[in-house]
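A short write-up of the structure that comes next.
The values are calculated or read from the model by the stated rules, or taken from the named source; none is laboratory data. All of these numbers come straight from a predicted model, not from anything done at the bench. Using ideal geometry, Cβ is built from the backbone for each residue, glycine included, and neighbour counts are taken over all protein chains shown.
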């Protein structure tokens, strides 16, 4: 396919999706299924008009997936309900830590005992497949900043955090394969890859998000009244936070998510304070008839809301391109029983079991636990971790094995989760949650 063909294909897809959005919303399938079908149709599975080789294009795919995940994490972060409440966040925190660890362990055992992979490769495969995806799970995520649905919040918040919490296990798997320094008894891994990288990512993200919120609020308020470019500010925050965190060996995905959360929470807190002052000024002016009272007005816009629409559009575009490439990577002989059994084990046993254990002792309703256990969508984040490992020296024979398995797991996730999300969510809503 030439560049002209690619322009026509992607342009045609954008036109079709734009014109049929109402039909798609009423249908039982998601947009990712359509992109996947088109990719497989023009790829080596059908007409063989093009073939995307993830191994040869691993550097390009790493960058594409990295950017897509960052944009999606920011979008998820600014839609988090506020204020921060530990009792509300307890469930997703447990899912991103305890359930994540259990999923990695179960997939590692399956890869080692059933698939015959080395222990290090099993840990790496578990880390690749354990995190849920913030890009492809839009139908079960928070829809807007005011969405307080517990199921959507739990899935969105988990996806925002576990794309960072999976990284220590990626490094552990690479260390067991001799591609990363773990230190004696794993002390370097524990201190640097787990503790330092996690804490530095959260701290940098929260500090940067709070700082941008206060600066933007100050500039928009009296007497400045500056006009701000929210899209640029959102992208700038992503770039600065991610770059700085990676430079200090922290987990940049965690940093971007928590920067977005802190940005939104801080802006809403400032808005509440301004409204309280405004209401108090009106009350005092009424009681005292004080003509000099100057109530503080809330700025009409915030950086988080102003940049959200643009980020969501970028997220949809990245979904189209990357799922199209996934479809164009698959051959008919890619569908091995080993890969299919791995996917079914992950979806039916490992994910539900890890959610059940992780949420023990919480007050999460059983229906929400069940749906959370099923909707562990795998996708773009998994591809990023795989490309990251390849770029850091993963041997080619092992890389080919993991690519084939990961692509099948992601493809089946798009198909199974994509066809079940609307019926199950509709049933969930009809029964009053």
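When you check residue 367 against the structure, is it in a helix (DSSP H, G or I) and at pLDDT below 90, yes or no? It is true that residue 367 is in a helix (DSSP H, G or I) and at pLDDT below 90.
Residues are listed down the side, and each one gets a yes or a no for (1) more than 13 Å from residue 328 (Cα to Cα); (2) surrounded by fewer than 18 Cβ atoms within 10 Å (Cβ to Cβ); (3) out of contact with any strand residue (DSSP E or B) (no Cβ under 6 Å at 6 or more places or on another chain):
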| position | (1), (2), (3) |
| --- | --- |
| 20 | yes, yes, yes |
| 29 | yes, yes, yes |
| 32 | yes, no, yes |
| 38 | no, no, yes |
| 45 | no, no, yes |
| 54 | no, no, yes |
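Suppose we keep only residues that are in contact (Cβ under 8 Å) with a residue 60 or more places away in the chain and not in a helix (DSSP H, G or I) within segment 119-138. Which one would you say is nearest to residue 198 (Cα to Cα)? Per the criteria, the residue is 131. Of the candidates 76, 109, the single residue that is crowded, with 24+ Cβ neighbours inside 10 Å and modelled with pLDDT of 85 or more is 76. For residue 181, state whether it is surrounded by 23 or more Cβ atoms within 10 Å (Cβ to Cβ) and closer than 30 Å to residue 105 by Cα. No, not satisfied.
Is it the case that residue 361 is in a helix (DSSP H, G or I) and free of Cβ contacts under 8 Å to residues at least 40 places away in the same chain? Against the criterion (in a helix (DSSP H, G or I) and free of Cβ contacts under 8 Å to residues at least 40 places away in the same chain), residue 361 does not qualify. Tallying residues that are assigned to a helix (DSSP H, G or I), buried (at least 22 other Cβ atoms within 10 Å of the Cβ) and over 14 Å from the mean Cα position of the chain (by Cα) within segment 239-258 yields 3. Taken over segment 352-370, the criterion of being closer than 22 Å to residue 115 by Cα and in contact with a helix residue (DSSP H, G or I) (Cβ under 6 Å, 6 or more places away or on another chain) is satisfied by 352, 354.
Could you list all residues from segment 199-235 that are closer than 19 Å to residue 66 by Cβ and modelled with pLDDT of 95 or more?
The answer is 200, 201, 204, 205, 208.
Inspect all residues belonging to segment 399-411 and state whether any of them is within 22 Å of residue 40 (Cα to Cα), modelled with pLDDT of 85 or more and either touching a strand residue (DSSP E or B) at 6+ places or on another chain (Cβ under 7 Å) or surrounded by fewer than 17 Cβ atoms within 10 Å (Cβ to Cβ) (or both). Among the residues of segment 399-411, at least one is within 22 Å of residue 40 (Cα to Cα), modelled with pLDDT of 85 or more and either touching a strand residue (DSSP E or B) at 6+ places or on another chain (Cβ under 7 Å) or surrounded by fewer than 17 Cβ atoms within 10 Å (Cβ to Cβ) (or both), which makes the answer yes.
Applying the criterion of at least 1 residues that are within 24 Å of the chain's Cα centre (by Cα) and touching a residue at least 60 places away in the same chain (Cβ under 8 Å) to the helices (runs of 4 or more DSSP H) found wholly in segment 1-108 leaves 3-19, 31-42, 58-78, 86-94.
Checking the structure you have, find out if any residue of segment 292-314 is in a helix (DSSP H, G or I), within 22 Å of the chain's Cα centre (by Cα), at pLDDT 85 or above and within 30 Å of residue 34 (Cβ to Cβ). Yes, some residue in segment 292-314 is in a helix (DSSP H, G or I), within 22 Å of the chain's Cα centre (by Cα), at pLDDT 85 or above and within 30 Å of residue 34 (Cβ to Cβ). Every condition in (1) in a helix (DSSP H, G or I); (2) modelled with pLDDT under 95 is met by residue 142 except one, and the failing one is (1).
Go through the residues of segment 371-393 one by one and say whether even a single one is without any contact (Cβ under 8 Å) to a residue 24 or more places away in the chain, in a helix (DSSP H, G or I) and either surrounded by 14 or more Cβ atoms within 10 Å (Cβ to Cβ) or touching a helix residue (DSSP H, G or I) at 6+ places or on another chain (Cβ under 7 Å) (or both). Yes: segment 371-393 contains one or more residues that are without any contact (Cβ under 8 Å) to a residue 24 or more places away in the chain, in a helix (DSSP H, G or I) and either surrounded by 14 or more Cβ atoms within 10 Å (Cβ to Cβ) or touching a helix residue (DSSP H, G or I) at 6+ places or on another chain (Cβ under 7 Å) (or both).
Looking for something over 21 Å from the mean Cα position of the chain (by Cα) and buried (at least 18 other Cβ atoms within 10 Å of the Cβ) - is there at least one such residue anywhere in segment 160-173? Yes. Taking segment 348-368 as the range and being surrounded by 21 or more Cβ atoms within 10 Å (Cβ to Cβ) and over 17 Å from residue 93 (Cβ atoms) as the test, the residues that pass are 350, 351. If the condition is being more than 23 Å from residue 132 (Cβ to Cβ) and part of a loop (DSSP other than H, G, I, E, B), then segment 166-191 contributes 177, 178, 179, 180, 181, 182, 183. Which one of these does residue 188 not meet: (1) under 30 Å from residue 302 (Cα atoms); (2) free of Cβ contacts under 8 Å to residues at least 40 places away in the same chain? Among (1) under 30 Å from residue 302 (Cα atoms); (2) free of Cβ contacts under 8 Å to residues at least 40 places away in the same chain, the lone unmet condition for residue 188 is (1). So is residue 161 modelled with pLDDT of 95 or more, at negative phi and touching a helix residue (DSSP H, G or I) at 6+ places or on another chain (Cβ under 6 Å) or not? It is false that residue 161 is modelled with pLDDT of 95 or more, at negative phi and touching a helix residue (DSSP H, G or I) at 6+ places or on another chain (Cβ under 6 Å).
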